Amino acid sequence: MSSGTLYDKVWDLHRVTELPGGSTQLFVGLHLIHEVTSPQAFAALTDKGLTVRCPERTVATVDHIVPTISQQRPFEDPLAEEMLSTLERNCAQHGIVLNGLGSGRQGIVHVIAPELGLTQPGMTVACGDSHTSTHGAFGAIAFGIGTSQVRDVLASQSLAMNKLKVRRIQVNGQLSDGVSAKDLVLHVIRTLGVKGGVGFAYEFAGPAIELLSMEERMTLCNMAIEGGARCGYVNPDQVTFDYLNGRVHAPSGEDWDRAVAWWSSLASDADAVVDDEVVFDASAIAPTVTWGITPGQGLGIDESIPMPESLEAGERPMAEEAYRYMDLQPGTPIAGVAVDVCFIGSCTNGRLSDLRAAAAVAKGRQVADGIRAFVVPGSEQVAKAAEAEGLDEVFRAAGFEWREPGCSMCLAMNPDRLEGRQISASSSNRNFKGRQGSASGRTLLMSPAMVAAAAVHGRVTDVRSLSPQPDL
Amino acid sequence: MASFPSGPIQLVEGRALVVAGEDIDTDRIIPARFLKCVSFDALGDQVFADDRKELDGKHPFDHPQSQGASILVVNGNFGCGSSREHAPQALMRWGIRAVVGVSFAEIFFGNCLALGIPCTTAAPDQIKTIQAAIQADLSRPWSLDLDEMRLSVEEESWVVAVDPGPGEMLRSGRWDATSQLLDNGPQVDALMEHLPYLNRFQKAA
Ligand code: SF4
């Protein structure tokens, strides 16, 4: 059993009591909601005659269903309009702050909570969305929940949970140039498998992790869930504090100093005990791309689609399914696979640094003929900051579309979707069959810089092989 | 359709069906385009929509003899991927009242528990045997007994497992967590009074 880790400390602080069934009642410090998983929870609350216990500890935004071309209300899609107006009504009725369209604070829930300073070290963060693990980047325990649990949190500000084991993912060395946090996490998932983390919280630690910016840490923790770990976290440090300092909801003045002292005390102790530890060498990781239909089917950019006989018996059926669905033959090098659509955005890679990395590749180049490429900032704040730097112009000049914030083509709940058997290079987090809106559509996951490289070549391309840009 | 689960869950009876395969994610159980709804009512017809379309009537959920079945037997890491509760909701509204498999994704397991749907496990080779037994004759009535922790058909039976906590919650009818959580309101108040970030970081934890 783990002890002395951040996970243990934060868990203990939020433990209300043990429940008769053996689970723990855990207090939820920050509850985030959006239009998709909350309407049924509010309805159930009303059915039971209950109210929201701590409206000030729940924060809402709208992200999944919003169109990214025109956000004019009412939306063209009546279902999307109904979902947003239901959220608006529920928030108004229960006194919950909604960071709506045009508020300057709207965006993908996992982008806005950190940028508003809502997510802080030592909190428990819950949201009806599996990528809530993102917020662990701050040294919070953050996890996705289902709609009935959303109802529970609304009603009681707490949840019935079972404690996870802790696995330390120790990453030594340093990521090479052109290799990002996305590549690192795709590499971890590829190595440990999509269910390797079931039952665990992942503590990402070591020199390579300490060197990551907050946005990179968010990318990393975002995808912990794709490796089966319901939450992932990084111990808070100066990088965390520098990011938070001055944000709207971050503490200020004297509170700030006390906060930093408290946050610092939460980091895992030097002699903390973990249930498991796996060591990686960051310098050995190449830009990584998925070729199949689970995020675990990843390859270094210089590798080829695996031969069935090179795989463990248990992996073969999924690989066979992937060869067929993706229409990719074993032995084909992943570099050079042609793509149709290039998507930069999502809660994994829709932040300013992601857009900068992609723009650095796009600058002075042109999207290849026949490729549809578009960039969707993760939030209104990201959009504004990117526009202030002229990134929108860089993308437009290169032939990318520049869109309004939302989840967009990460999943098929808005007008952005693949058609037929189109294949996308995507900076999002899931390559499941049909994920991007066409039942036969195909997805290659990669970093935003790699998506930009794929866009300008029309094929999967090692971003490190592009000649350096003259400063245009 | 049988009514939704309520009260203590000790016995689930009915025909069984098999959806074989590792890592069947919630996007497959209910594709994302069906999430655009403000109520769960219509989800039952949409369960496994894309897989069913692809198999053109040959999917287990389309088999005439499996209509009205209530026990679903799956393989490993079932329900991985998106946290959407629409997945167990879709299964439940189709008629599923219990799932047996090698392993389950945690969020999916929790979502099922919150609906009173037990997800019980057995070893991979046992699951294979069970799946073969179901497929040999889809019309036989099975039973999942949560007191005995056995899955049975006629004179055959297998031991299944569920963690003690969730098992107890199901058997006692306390799987509906909301009421339990609400009972402890005063403890929640006490905790909030001491949590540093709710008290301008002035209180020691
Ligand atoms: S960007 Fe994608 S993964 Fe992230 S919250 Fe939106 S739909 Fe979910």
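The values are calculated or read from the model by the stated rules, or taken from the named source; none is laboratory data. Computed from a prediction, not measured in an experiment: that's the story for all the values here. Because the Cβ atoms are built from the backbone with ideal geometry, glycine has one as well, and the counts that use them run over all protein chains shown. Side chains are part of the model used for accessible areas, which takes the heavy atoms of the whole protein and leaves out ligands, DNA and RNA. Shrake-Rupley method; radii C 1.70, N 1.55, O 1.52, S 1.80 Å.
A few remarks follow.
- Yes/no for B:VAL99 being open to solvent by less than 30 Å² (accessible area, probe 1.4 Å) and assigned to a strand (DSSP E or B): yes
- Among the residues of the range A:387-395, not a single one is within 22 Å of A:SER438 (Cα to Cα), aliphatic (A, V, I, L, M) and either open to solvent by 30 Å² or more (accessible area, probe 1.4 Å) or at pLDDT 95 or above (or both).
- Identity of the residue in the range A:417-432, buried (at least 24 other Cβ atoms within 10 Å of the Cβ) and either more than 16 Å from the ligand (Cβ to nearest atom) or more than 16 Å from the chain's Cα centre (by Cα) (or both), that ends up nearest to the other protein chains (Cβ to nearest Cβ): A:LEU418
- Taking each residue of the range B:93-112 that is on the phi < 0 side of the Ramachandran plot and within 12 Å of another protein chain (Cβ to nearest Cβ) and looking for partners that are basic (Lys, Arg) and surrounded by fewer than 23 Cβ atoms within 10 Å (Cβ to Cβ) with beta-carbon atoms closer than 8 Å, six or more apart or interchain, yields B:SER103/A:LYS195; B:ALA105/A:LYS195.
Conditions tested, residue by residue: (1) of a type in the set (Asp, Glu); (2) open to solvent by less than 40 Å² (accessible area, probe 1.4 Å).
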{"residue": "B:ALA16", "(1), (2)": "no, yes"}
{"residue": "B:CYS37", "(1), (2)": "no, yes"}
{"residue": "B:ASP56", "(1), (2)": "yes, no"}
{"residue": "B:GLN65", "(1), (2)": "no, no"}
{"residue": "B:GLY79", "(1), (2)": "no, yes"}
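- Close pairs from the range A:145-158: first within 7 Å of chain B (Cβ to nearest Cβ), partner charged (D, E, K, R) and surrounded by fewer than 24 Cβ atoms within 10 Å (Cβ to Cβ), Cβ under 8 Å, at least 6 apart: A:ALA155/A:LYS48; A:ALA155/A:ARG53; A:SER156/A:ARG53; A:GLN157/A:ARG53; A:GLN157/A:ARG57
- Take the conditions (1) in a helix (DSSP H, G or I); (2) crowded, with 24+ Cβ neighbours inside 10 Å; (3) among the hydrophobic types (A, V, I, L, M, F, W, C); B:PHE61 misses just one of them, which is (2).
- Residues of the range A:323-357 that are within 16 Å of the ligand (Cβ to nearest atom) and among the small types (Gly, Ala, Ser): A:GLY345, A:SER346, A:GLY350.
- Answer from A:ALA360, A:ALA373 - the residue that is crowded, with 24+ Cβ neighbours inside 10 Å, more than 14 Å from chain B (Cβ to nearest Cβ), more than 16 Å from the ligand (Cβ to nearest atom) and not in a loop (DSSP other than H, G, I, E, B): A:ALA373
- Given (1) in contact with a Ser or Thr (Cβ under 9 Å, 6 or more places away or on another chain); (2) closer than 24 Å to B:VAL102 by Cβ, index of the condition B:VAL47 fails: (1)
- Lone unmet requirement of (1) away from every other protein chain (no Cβ under 14 Å); (2) more than 16 Å from the ligand (Cβ to nearest atom); (3) in contact with a Leu (Cβ under 9 Å, 6 or more places away or on another chain); (4) closer than 17 Å to A:ARG57 by Cβ for A:GLY95: (3)
- For B:LEU170, the conditions (1) within 14 Å of chain A (Cβ to nearest Cβ); (2) over 23 Å from B:GLU106 (Cα atoms) all hold with the exception of (2).
- One residue from A:ARG435, A:ARG442 being over 24 Å from A:GLY104 (Cα atoms), in contact with a strand residue (DSSP E or B) (Cβ under 7 Å, 6 or more places away or on another chain), within 16 Å of the ligand (Cβ to nearest atom) and open to solvent by less than 40 Å² (accessible area, probe 1.4 Å): A:ARG435
- Looking at B:SER139, B:SER152, just one residue is in the same structural domain as B:SER70 (by TED's automatic domain parsing) and either on the phi > 0 side of the Ramachandran plot or surrounded by 14 or more Cβ atoms within 10 Å (Cβ to Cβ) (or both), and that residue is B:SER152.
- Criterion (on the phi > 0 side of the Ramachandran plot and of a type outside the set (Val, Ile, Thr)) met by exactly one of A:GLY437, A:GLY441, A:GLY378, A:GLY350: A:GLY437
- Any hit, the range A:55-75, residues being facing chain B (nearest Cβ under 8 Å), in a loop (DSSP other than H, G, I, E, B) and farther than 19 Å from A:CYS410 by Cβ: no
- Pairs where the first residue, in the range A:393-406, is within 9 Å of A:VAL376 (Cβ to Cβ) and the second is assigned to a helix (DSSP H, G or I) and within 16 Å of the ligand (Cβ to nearest atom), C-beta under 7 Å, 6+ apart: A:PRO405/A:GLU380; A:PRO405/A:VAL382; A:PRO405/A:ALA383
- A:SER103 vs. criteria over 23 Å from the mean Cα position of the chain (by Cα), among the hydroxyl-bearing types (Ser, Thr, Tyr) and either over 19 Å from A:ALA41 (Cβ atoms) or surrounded by fewer than 21 Cβ atoms within 10 Å (Cβ to Cβ) (or both): no
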